1. Run the helix sum for the chain: -39,500 (n - 2.57) per DSSP H stretch of 4+ residues, divided by residue count, reported at 222 nm to the nearest 500 deg cm²/dmol.
2. With log10 I(q)/I(0) by the Debye sum over Cα atoms at q = 0.16, 0.20, 0.25 Å⁻¹ as the read-out, I listed (1) -0.65, -0.85, -1.04; (2) -0.52, -0.76, -1.05; (3) -0.78, -0.87, -0.98; which label goes with the value calculated from this structure?
3. In what sequence, highest mean first, do 18-30, 41-53 appear when ranked by Cβ atoms within 10 angstrom?
4. Please check which bits of region 19-44 a label hung off residue 50 would reach, taking the label as a point 7 Å along Cα-to-C-beta and the cut-off as backbone N under 13 Å.
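Read-outs throughout are calculated quantities, based only on the coordinates presented, and are distinct from any laboratory measurement. This one's a predicted model, so the numbers in the text were calculated from it and none came from an experiment. All Cβ positions, glycine included, derive from the backbone under ideal geometry; neighbour counts span all protein chains shown.
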């Protein structure tokens, strides 16, 4: 059974948890369509990634 040897102070505990916060997702403006998309992700509307078509374009309708 794990039993702590010394009490962890609130300051030390909170310093450890400083990196636990959720970050908001980042977006970039696509150069071709001008819409926002996630960096390093495929644009699902056009099917393009790094200037190449990797998926067939999504049909509107």
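1. Roughly -3000 deg cm²/dmol at 222 nm, from the helical runs in the chain.
2. Looking at log10 I(q)/I(0) by the Debye sum over Cα atoms at q = 0.16, 0.20, 0.25 Å⁻¹ for this model, the match is (1).
3. Most protected by this proxy first, the peptides run 41-53, 18-30.
4. Zone members listed by number: 40-42.
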